[in-house]
Every structure is written in structure tokens, then in C-alpha cells.
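Asker: Quick one: the structure is below, questions incoming.
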Amino acid sequence: MSLAKQARWLAQSSYLAWRDPRVRTLAHYEWRDEKISRKAPTGTRAYASWQSGLLFADGRRKPALAVFPNPLWAFTSGARVRLWGQVRPGEGRTGVVVLRRRAGSRTARPVARVRTDRRGVWTTSLSRRGARRGDTYAFRYVLPPAVTGRATPLRRTTPALRPAGVRPRTR
């Protein structure tokens, strides 16, 4: 599996877990890849251990690590683009600005402002009118010092995501 696909599936799995009321918690196994076997012959047998971490065995970051704290899932549904995201830690309601970067553009522009629920989850639906193939979405937010324990607010912007063409059932 590619590193980009791992990051995308991590975000999608967070969305699917949220959508299913039977899921109470979501655990990620594991944080760091296991070492590649030097004793095994070359090829896939050398990778027989867990390689699903957010870090490579040598500690380098994978793209999935950037997605993990704030998953974003976007998909098309008819004439709409539906977006789901989560701010972690999700302690109280947080204001979120949804951004869209047009295909071929360097800048992302705000397209919606939403608030999270008490668990840090937000959803919104945008018209596909005017959207172009290759547009990407992200979100940004600010956590106050009371939540982070830091002296200054924590400002974050998520990695950009291109909407999936699938049409999953929504809540």
C-alpha cells in the first residue's frame, strides 16, 4: 500500500467509526513500524511484520502522522461535496474554517465556517457547482490555551484532501 493511501484510509476509517453507532473507540496499531527482517529473504517476506505505523522503524514520519491528529474525509454525493472532520483533542466546541484550493492554484480560500460538537467532530455539505476536478479541501482551527495548557493558542491547518468519488451512506 502506498504512503498516500495509508493516510487517506486512516482519515476514512475515523469517519466510518464515527458514522457507526456501534463503535465506541478506535485504536491505531501501531505507532512505529516494526523493523524489516534482515534474516528473511528479500521480497515481501522481509516485510512480514507490522508496517502500519505512523512512523517508519527508524523514526521518520509518514504522511499518515499529519492526518492522525485531525482527520478529514471528503466525498461527493450527487451535486454536493460532503466533508467530515475532527479536531483532537475534542474538548468542547471549536470554530473551524473549511478551505478549498482550486486545481492549479497555490492558495486555499475559506468556503465554510462550522463549529464542532463536544467531541470535536464537524460536518458540512457544499455545492459542487463551480468545483473543479482536482480541487482539494482542508480545515484550520485555533485551540485556546485552556484546552492545550500552553501559554498561547495552538493554530493548526490540516493536510489537503481530494474528495473521494464514492457515495457512502451518511448519518
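Asker: Out of (1) in a strand (DSSP E or B); (2) of a type outside the set (A, V, I, L, M); (3) at pLDDT 85 or above; (4) under 25 Å from R19 (Cα atoms), the odd one out for R118 is which?
Answerer: Failed condition: (1).
Asker: Now for a separate question. Of all residues in the range 130-156, which are in a strand (DSSP E or B) and either modelled with pLDDT under 80 or not assigned by TED's automatic domain parsing to the domain that holds L83 (or both)? Steps first, please.
Answerer: Going residue by residue through the range 130-156, those that are in a strand (DSSP E or B) are 136-143, 154-156.
Of everything in the range 130-156, those that are in a strand (DSSP E or B) and either modelled with pLDDT under 80 or not assigned by TED's automatic domain parsing to the domain that holds L83 (or both) turn out to be L143, L154, R155, R156.
Asker: While we're looking at this one, here's another question. Exactly one of these conditions fails for R61: (1) more than 15 Å from A160 (Cβ to Cβ); (2) touching a Leu at 6+ places or on another chain (Cβ under 7 Å); (3) surrounded by 15 or more Cβ atoms within 10 Å (Cβ to Cβ). Give me its number.
Answerer: Single failed check for R61: (3).
The values are calculated or read from the model by the stated rules, or taken from the named source; none is laboratory data. Remember, it's a predicted structure, so these values are computed and weren't measured experimentally. Don't worry about glycine lacking a Cβ; one is built from the backbone with ideal geometry, like all the others, and counts go over all protein chains shown.
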